[in-house]
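To start, the structure itself, in structure tokens.
The values are calculated or read from the model by the stated rules, or taken from the named source; none is laboratory data. In this text the structure is predicted, and so the values were computed from the model without any measurement. Neighbour counts run over all protein chains shown; Cβ positions are idealised from the backbone, glycine included.
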């Protein structure tokens, strides 16, 4: 983990906001009573909660492009940059399978072994990075345009991929590739990674003094993109013969991309003038977003709080959201301050050696 001085605060803040939003969405989804799920609060919670995966994939693309640019600045050959990108993808894949293994072991009496192969957001991230690692052979300036084009193509192809006959195709392959309401298929989710790589390459090609102006343009582009895509989605005709707006529509991808660009610009503006060492709960969650994701899924969907599952009223669910957020804040702080915690633990609880103990003074007559 990089020290605060070497991190971009606004990216951590944006990632942290997504993590906090994710927490409330999952708590509502797991704990709220079933008869309350048609009301506005639940629908609003799930609508907002649908953004975090897009944020995480977009920011993954940004940092993926940063890594490619760093390799290029060091003079690494195209083949070396490509191998480095594949290693990064492999790390994400390893984390994805480690996460599934842990979830399966904890629920081994209830989960079939096939759950080890379930396609979750981390799996899609790893698969997207493998497919997009070839972008490392291009220069940073070239990736700005090429990754943007790739993002458009992936989003545009999603309804066509959905319309294919998937009969006889192994479900695992289908879940990795095809759009689905319950899985994160490459189409269309990898589009966010590609768009993130385009933006990340753009940011790395700018001088620090130019970033502020670029953020204004990105924010304005996001507004135009979101409203433009929404308007197109309301037209009574479509170039596609079939499709599902929430599953594979390019319009919803571009609406979300517009929101991402606006959120990126807002995150940058929010963190202007703030010291990298100045603590923020939102940035704290952003620094440890993977750990927060890993732990909270087990806490919210695992056995720990089984008595809350689909059993809480709206006020109780809101209270549970606050409680889970507090617990995750503690977990996050322990991770970033682990050395301090470890030293405190050793000082407080490690038995003193016989030599270090204070010997009782002798009384007269002893």
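Would you confirm, using the coordinates I've provided, whether residue 290 is in contact (Cβ under 8 Å) with a residue 12 or more places away in the chain, out of contact with any strand residue (DSSP E or B) (no Cβ under 9 Å at 6 or more places or on another chain), surrounded by fewer than 17 Cβ atoms within 10 Å (Cβ to Cβ) and in the same structural domain as residue 333 (by TED's automatic domain parsing)?
Judged against the criteria, residue 290 is a match.
Within region 296-311, which residues are over 14 Å from the mean Cα position of the chain (by Cα) and either modelled with pLDDT of 95 or more or assigned to a helix (DSSP H, G or I) (or both)?
298, 299, 300, 301, 306, 307, 308
If residue 86 satisfies all but one of (1) in contact with a helix residue (DSSP H, G or I) (Cβ under 6 Å, 6 or more places away or on another chain); (2) within 23 Å of residue 267 (Cβ to Cβ), what's the number of the condition it fails?
(2)
Determine whether region 133-140 contains at least one residue that is touching a residue at least 24 places away in the same chain (Cβ under 8 Å), farther than 21 Å from residue 222 by Cα, part of a helix (DSSP H, G or I) and under 20 Å from the mean Cα position of the chain (by Cα).
yes
Quick one: residue 166 ticks every box in (1) more than 24 Å from the chain's Cα centre (by Cα); (2) part of a helix (DSSP H, G or I) except a single one, so which number is it?
Here residue 166 clears every test but (2).
I need a count of the residues in region 248-269 that are farther than 12 Å from residue 212 by Cα, part of a helix (DSSP H, G or I) and in contact (Cβ under 8 Å) with a residue 24 or more places away in the chain.
The number of residues fulfilling the criteria is 13.
List the residue pairs whose Cβ atoms are under 8 Å apart, where the first residue sits in region 97-121 and is farther than 27 Å from residue 187 by Cα, the second is part of a loop (DSSP other than H, G, I, E, B) and modelled with pLDDT under 85, and the two are 6 or more positions apart or on different chains.
Taking only residues 6 or more apart or on different chains, the pairs are 106/303; 107/303.
Among the listed residues 219, 228, 243, identify the single one that is surrounded by 12 or more Cβ atoms within 10 Å (Cβ to Cβ), within 22 Å of residue 51 (Cβ to Cβ), within 21 Å of the chain's Cα centre (by Cα) and not assigned by TED's automatic domain parsing to the domain that holds residue 17.
Unique residue meeting the criteria: 219.
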